[in-house]
Amino acid sequence: MTKKKRESIINSIVEGIQERKGEKITIVDLTGIEDTVCRYFVICEGGTPNQTTAIHDSIRETVRVKEQRKPDFTEGTRFAHWIAMDYGDVMVHIFVPELRRFYDLEHLWADALLEEVPDI
C-alpha cells in the first residue's frame, strides 16, 4: 500500500470516528519501527459498547464508500469493549475508556510517533 493510500484510509477512518462522536483519537505512526504488525494504529474511544459499535459501523461504511475497501478482519464486535479492525497497513482500535487506559496501546512502542486528533 502506498503512503498516499494509507493517508487517505486514515483520513476516512478518522472521519468515520468523528461522525459518531468518537473521542481521544490518536494516530500511532509505527513506520520507523521494525517488525510491527502494521504501519499505523488509529485508536479512539466511545463511552459505551453501543457507541463503540456505532463507531465501528461508521468507519466500515465511510472507508467502504470513500476508499472502496472493507476491513480484512474485524474482532470484538460481540461485546464491543475493544473492537479491532484490520485494514492491512492500518489497524483501528475502538475502546471503552476503562480498557483503553488498561492496555495503553499508544505507549507500547516508545519510538512511535503519536498524533492527537482534536475532538470535535
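The values are calculated or read from the model by the stated rules, or taken from the named source; none is laboratory data. All values reported here derive from a predicted model rather than from experimental measurement. All Cβ positions, glycine included, derive from the backbone under ideal geometry; neighbour counts span all protein chains shown.
What number of residues in the range 1-29 are in contact with a strand residue (DSSP E or B) (Cβ under 9 Å, 6 or more places away or on another chain), at pLDDT below 95 and in a loop (DSSP other than H, G, I, E, B)?
Residues meeting the conditions: 1.
Anything in the range 61-100 that is part of a strand (DSSP E or B) and not aromatic (Phe, Trp, Tyr)? List them, or say none.
Listed by number, the residues that qualify are THR74, GLU75, ILE83, ALA84, MET85, ASP86, VAL90, MET91, VAL92, HIS93, ILE94.
Quick one: what pairs do we get from the range 13-29, first residue within 16 Å of ALA112 (Cβ to Cβ), second surrounded by 16 or more Cβ atoms within 10 Å (Cβ to Cβ) and acidic (Asp, Glu), C-beta under 8 Å, 6+ apart or different chains?
THR26/GLU106; VAL28/GLU106
Quick check: is even one residue across the range 107-120 exposed (fewer than 11 other Cβ atoms within 10 Å of the Cβ) and among the small types (Gly, Ala, Ser)?
There is at least one residue in the range 107-120 that is exposed (fewer than 11 other Cβ atoms within 10 Å of the Cβ) and among the small types (Gly, Ala, Ser).
Among ILE13, ILE33, ILE25, which is exposed (fewer than 15 other Cβ atoms within 10 Å of the Cβ) and among the aliphatic types (A, V, I, L, M)? Reasoning before the result, please.
Values: ILE13 fails: exposed (fewer than 15 other Cβ atoms within 10 Å of the Cβ); ILE25 fails: exposed (fewer than 15 other Cβ atoms within 10 Å of the Cβ).
Answer to the selection: ILE33.
Out of the residues in the range 31-49 that are modelled with pLDDT under 95 and among the aliphatic types (A, V, I, L, M), which is nearest to VAL96 (Cα to Cα)?
VAL37
Being over 16 Å from the mean Cα position of the chain (by Cα) and of a type in the set (A, V, I, L, M, F, W, C) is the filter here; which residues of the range 1-51 pass it?
MET1, ILE33
Would you say ALA54 is in contact with a Gly (Cβ under 9 Å, 6 or more places away or on another chain), in a loop (DSSP other than H, G, I, E, B) and buried (at least 17 other Cβ atoms within 10 Å of the Cβ)?
Against the criterion (in contact with a Gly (Cβ under 9 Å, 6 or more places away or on another chain), in a loop (DSSP other than H, G, I, E, B) and buried (at least 17 other Cβ atoms within 10 Å of the Cβ)), ALA54 does not qualify.
When you check ALA54 against the structure, is it over 26 Å from MET1 (Cα atoms), of a type in the set (A, V, I, L, M, F, W, C) and under 14 Å from the mean Cα position of the chain (by Cα), yes or no? Let's see the steps before the verdict.
Numbers: over 26 Å from MET1 (Cα atoms): yes; of a type in the set (A, V, I, L, M, F, W, C): yes; under 14 Å from the mean Cα position of the chain (by Cα): yes.
When the stated conditions are applied, ALA54 passes them.
Do any residues in the range 90-105 that are buried (at least 21 other Cβ atoms within 10 Å of the Cβ) have Cβ atoms under 7 Å from those of residues that are basic (Lys, Arg), where the two are at least six apart or on different chains, and which pairs are they?
Once the first residue is buried (at least 21 other Cβ atoms within 10 Å of the Cβ) and sits in the range 90-105, its partners that are basic (Lys, Arg) give VAL90/ARG6; VAL90/ARG39.
Among the residues of the range 63-89, count how many are surrounded by 15 or more Cβ atoms within 10 Å (Cβ to Cβ) and more than 19 Å from LEU108 (Cα to Cα).
The qualifying residues number 12.
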